Each structure stands twice: as C-alpha cells, then as structure tokens.
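Bear in mind that the values in this text are calculations on the coordinates, not laboratory data. Since we're looking at a predicted model, the values are computed, not measured. Reconstructed Cβ throughout: ideal geometry from the backbone, glycine too, with neighbour counts over all protein chains shown.
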Amino acid sequence: MKRVLGIDWGDKKMGVSISDILHITASGVGVFYGDKEEKFNKIEELIKKYDVNEVVLGLPISLSGEIENQGKKIIEIKNEMEERFKIKIELIDERFTSKISKNTFSYERKKGLKIKEKRVEDDVSSAILILNSYLSRSK
C-alpha cells in the first residue's frame with residue numbers, strides 16, 4: 001500500500017509528515033527550508049523515497065471561514081504540485097494546528113530545547129496533526 005505525505009507549507013519552511021502503510025497514523029519527517037523550487041525538489045524526493053501516491057496540504061483558513069492571502073497561495077501551490085507530480089493533492093483545514101502543536105503536542109519532548117528548535121518541532125507537529133486529521137477523516 002502506498003503512503004500519504006502531510007505538509008504544513010510556510011513561506012520560508014515546511015513541516016513534513018508521512019503516514020504508515022496502513023494509513024493509521026502519521027510520523028514526522030522533518031522541516032525543510034528554501035524557496036518553492038527547493039521545497040518542490042524535496043517533496044519529489046520524498047514521494048519517491050516513501051512511495052507516496054497522495055499529498056495532504058494544510059490550508060490556512062481564517063476563523064471566519066474565509067480563504068485569505070496565504071490560503072490563496074496554498075491553492076496555487078496545490079495546483080502546481082498536481083501538475084508537476086501527477087498525484088492527488090488534498091487540502092485540509094489547518095486552523096488551530098499551529099496553536100495546538102505549540103501548546104500541547106510533545107510538550108515533554110520540547111523541554112530544554114532552544115526557541116529555534118521548538119519552532120522546528122512545532123512545524124513537524126503541525127504536519128503530523130494535518131495528516132492525522134486527514135487519515136481519521138478518510139476512514
């Protein structure tokens with residue numbers, strides 16, 4: 001069975017997670033930095049490495065339910081990814097994932113980390129939450 005890649009896309013970096021082959025849970029892959037092309041190259045590498053046939057991309061939606069500037073960028077990224085990778089790209093509402101990951105996810109693991117290291121953990125945690133949300137919904 002193929003895997004699903006989860007991405008929390010940001011302007012400077014992206015957090016990435018991967019499903020297990022049974023699509024039960026997500027694990028962190030890492031945080032990757034660079035411009036869009038560098039990120040796309042990394043995604044392509046991960047698609048091949050993990051035998052991915054679907055990508056879940058977090059879509060930032062405002063609290064009022066509107067898709068604003070960053071959300072519109074993500075929709076453009078989704079369209080470019082579909083064209084380039086020829087695989088299904090699913091958008092999932094990522095409201096609150098950053099806040100949840102900052103406040104609760106892996107609190108014990110983040111103790112003693114420097115601020116920059118905590119931000120990396122938060123990006124990976126957000127990608128895990130995005131993918132786990134999708135996996136739960138698709139069962």
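Observations, loosely collected:
- Along the range 4-11 the Karplus relation, 6.51 cos²θ - 1.76 cosθ + 1.60 evaluated at θ = phi - 60°, assigns HN-Hα couplings of 10, 9, x, 10, 9, 7, x, 4 Hz to successive residues, with x for each Gly and Pro.
- Order of M81, M1 under a 10 Å beta carbon neighbour criterion, fewest first: M1, M81
- Amide H contacts of V52 (H built 1.01 Å from N, under 5 Å, at least 5 apart or other chain): R3
- Across the range 24-35, computed HN-Hα scalar couplings (Karplus, 6.51 cos²θ - 1.76 cosθ + 1.60, θ = phi - 60°) run 9, 9, 10, 10, x, 9, x, 10, 10, 10, x, 7 Hz from first to last residue, x flagging Gly and Pro.
- Seen from a random direction on average, the alpha-carbon convex hull of the range 2-79 projects onto 5.5 square nanometres.
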